[in-house]
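One structure is given here, and the rest of the page talks about it.
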Amino acid sequence: MGMGKAMKQFQKMQAEMKKMQAELEFKRISATAGGGMVEAVVDGNRRIVEIKIKPEVVDPDDIETLQDLLQAAVNEATRKAEEYVAEEMQKITGGLQLPPGLL
């Protein structure tokens, strides 16, 4: 592959990465815990944007269960967001392992 062609491909990857990064803020990924009693929604940047709690899970005598459900839902939503970003990166780079910060 010629140097000019390689540079064009690299520039295309850079443009696609910038576009994807801009879109991550608007991507919503959710996960539930406790059979849907707690739902956490994160954006593509893994920031929590919403937490939904069904009233029946709120028990003043058992705050630990609610805390555990929140933690589980947030962790799963974050894991899904990371998986989504990795898949999108794979599409852009075609599996090419680039050094961090290169794009």
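Read-outs: derived from the displayed coordinates by stated rules, not from any lab. Just so we're clear, the structure is a prediction, and the values are computed from it rather than from any experiment. Positions of Cβ are backbone-derived with ideal geometry, glycine not excepted, and every protein chain shown enters the neighbour counts.
Between residue 8 and residue 79, what FRET efficiency follows from the Cβ-Cβ distance if R0 is 35 Å, with the result rounded to 0.05?
The calculated FRET efficiency here is 0.50.
Excluding same-chain pairs closer than 8 in sequence, count the lysine pairs in the chain whose Cα atoms lie under 23 Å apart.
20
Between residue 67 and residue 23, what is the spin-label point distance in nm, taking each point 7 Å from the Cα along the Cα→C-beta axis?
Computed distance between label sites residue 67 and residue 23 equals 4.0 nm.
Please give the helix 3-24 orientation as an angle from the longest Cα principal axis of the chain, in degrees from 0 to 90, rounded to the nearest 10.
Result, in degrees: 20.
In Å³ and rounded to a whole number, note down the convex hull volume per residue for the Cα atoms of the chain.
About 98 Å³ per residue, rounded to a whole number.
Relative contact order for region 4-103 using alpha-carbon pairs under 8 Å, separation at least 6, rounded to a whole percent? Present the calculation step by step, with values, prior to reporting the outcome.
Values: 112 pairs, mean separation 28.2, N = 100.
Here the relative contact order equals 28 percent.
Kindly express, to the nearest 10 degrees and within the range 0 to 90, the angle between helix 63-93's C-alpha long axis and the longest C-alpha principal axis of the chain.
Between helix and principal axis, roughly 10 degrees.
Any idea which of 86, 20, 69 is furthest toward the positive side of the dipole for the chain, if Lys and Arg beta-carbons carry +1 and Asp and Glu beta-carbons -1?
20
Counting only other residues whose beta carbon sits under 9 Å from that of residue 45, what net charge do I get with K and R as +1, D and E as -1? Write down the numbers at each step before the final one.
Working: positive: 27, 46, 47; negative: 25, 43.
It works out to a net charge of +1.
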